[in-house]
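Asker: Take a look at this one; I'll ask things after.
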Amino acid sequence: EAKRRGGSSWHWYSSNLDAGMQQQVELRTHLQEAIQKEQFELFYQPIVDSLGKPRAVEALVRWNHPDKGYIPPNDFIPLAEATGQIIAIADWVFERTCRDTKALVNAGLDSVSVNFSPLQFYRDDFIENVAATVRDYGIEPGQIVIEITENVFMRDSEHMINLLHQLRELGLRVAIDDFGTGFASLSYLNQLPVDGIKIDRTFISGIDNAGRNSAITRGVLMIAKELGVRTIAEGVETEGEREFVVTHGSDLMQGYLFCRPQPLETVLKWVAEQDKA
Ligand code: C2E
Ligand code: MG
Ligand code: MG
Ligand code: MG
């Protein structure tokens, strides 16, 4: 509002800020209701190997709002992380993931990935809670892959690395999500107790048309292979991108080119169809 300078501008900004805060307070209240009424759904997106065979899925939460329809996670997870509501949502997500894992594994998949927020790692009962849920649903711990972003290492990385070791001792697997966008660097890879990295979509997008991304991604793929860390290329949208990452040794791929995130039943059907093809 460049036009509105002078005496009234403070008030303008001030009331605008209030409106923003008002919205946040409202969203927080609605989110609390969503938690109580369990207005969440898990969608699953397939992860395929270099031959296009489905090998895994990633669980992605949606808020199915009674009036607004599906609200994507980026529109409510950040607030839930700020308010602590993420803990209740995460409990629901992990329970549902474990509950659905049996059907997904029976369909022929190796594992189910699930996103964890940094805050979850600061619960006193974090490891016990994860172990109990996996046990309750009678699944093999190795069928679950916990996805974390590099940012979890920003705060007390020693604590975090210790917990990752414990998760892996339980038999769960760990992958670094959005690799390349955050705090960790390639030089950390051999110090972190992780099984895989997911190369962020920003590095994959347009990768077949040369540019800097292709050099970075080739380097990451090479080093990860050398260190025995599994690689997943995220956000593969075109045949050119697919071909590039396969040629340069990406183990797995995920993206709209193969399949969008879908409800459980739809993904199970999709997996069955791929097997026939
Ligand atoms: P993410 O974990 O990196 O998940 C991948 C996101 O990329 C998903 O967005 C997916 O729909 C999208 N995607 C997949 N393939 C393509 C593609 O080819 N093109 C494009 N443009 N996008 C693609 P979504 O479902 O909106 O999730 C966004 C983020 O929200 C996730 O990023 C994750 O960080 C977070 N999130 C989702 N579910 C959960 C959850 O249960 N807990 C937590 N803590 N975070 C979650
Ligand atoms: Mg993820
Ligand atoms: Mg990601
Ligand atoms: Mg992401």
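The values are calculated or read from the model by the stated rules, or taken from the named source; none is laboratory data. Since we're looking at a predicted model, the values are computed, not measured. All Cβ positions, even for glycine, are placed from backbone atoms using ideal geometry, and neighbour counts span all protein chains on display. Heads up: the accessible areas ignore ligands, DNA and RNA and are worked out on the full protein's heavy atoms, side chains in. Shrake-Rupley method; radii C 1.70, N 1.55, O 1.52, S 1.80 Å.
Asker: Take the range 155-176 and flag every residue that is closer than 20 Å to Ile232 by Cα and open to solvent by less than 10 Å² (accessible area, probe 1.4 Å).
Answerer: Of everything in the range 155-176, those that are closer than 20 Å to Ile232 by Cα and open to solvent by less than 10 Å² (accessible area, probe 1.4 Å) turn out to be Leu164, Leu172, Val174, Ala175, Ile176.
Asker: Hey, another quick one. Keeping to the range 114-139, report how many residues are charged (D, E, K, R) and closer than 18 Å to His159 by Cα.
Answerer: 4
Asker: Right, Thr181: β-branched (Val, Ile, Thr), touching an Asp or Glu at 6+ places or on another chain (Cβ under 7 Å) and either within 14 Å of ligand 1 (Cβ to nearest atom) or farther than 30 Å from Lys269 by Cβ (or both) or not?
Answerer: yes
Asker: Then there's this: Just give me the residues in the range 102-125 being within 20 Å of Asp195 (Cβ to Cβ), in a helix (DSSP H, G or I) and either open to solvent by 10 Å² or more (accessible area, probe 1.4 Å) or within 12 Å of ligand 1 (Cβ to nearest atom) (or both), in sequence order.
Answerer: Within the range 102-125, Val105, Pro118, Gln120, Phe121 qualify.
Asker: Another one. Within the range 55-90, which residues are closer than 17 Å to Pro141 by Cα and more than 16 Å from ligand 3 (Cβ to nearest atom)?
Answerer: Arg55
Asker: Here's another thing I want to ask about it. Pick from the range 140-154 the residues that are within 16 Å of ligand 1 (Cβ to nearest atom) and open to solvent by 30 Å² or more (accessible area, probe 1.4 Å): which of them is farthest from Ala107 (Cα to Cα)?
Answerer: Met154
Asker: Residues being within 19 Å of Ser187 (Cβ to Cβ), open to solvent by 20 Å² or more (accessible area, probe 1.4 Å) and aliphatic (A, V, I, L, M): count how many of those fall in the range 199-248.
Answerer: Count: 5.
Asker: Something else about it: Any idea how many residues of the range 249-277 are part of a loop (DSSP other than H, G, I, E, B), open to solvent by less than 50 Å² (accessible area, probe 1.4 Å), touching a strand residue (DSSP E or B) at 6+ places or on another chain (Cβ under 7 Å) and over 23 Å from Cys98 (Cβ atoms)?
Answerer: 2
Asker: Another question, if that's okay. Look at Gln45 and say whether it is touching a helix residue (DSSP H, G or I) at 6+ places or on another chain (Cβ under 9 Å), more than 16 Å from ligand 3 (Cβ to nearest atom), open to solvent by 10 Å² or more (accessible area, probe 1.4 Å) and of a type outside the set (Val, Ile, Thr).
Answerer: Against the criterion (touching a helix residue (DSSP H, G or I) at 6+ places or on another chain (Cβ under 9 Å), more than 16 Å from ligand 3 (Cβ to nearest atom), open to solvent by 10 Å² or more (accessible area, probe 1.4 Å) and of a type outside the set (Val, Ile, Thr)), Gln45 does not qualify.
Asker: Given the criteria within 16 Å of ligand 3 (Cβ to nearest atom) and in contact with a Leu (Cβ under 7 Å, 6 or more places away or on another chain), does Val236 qualify?
Answerer: Answer is yes for this residue.
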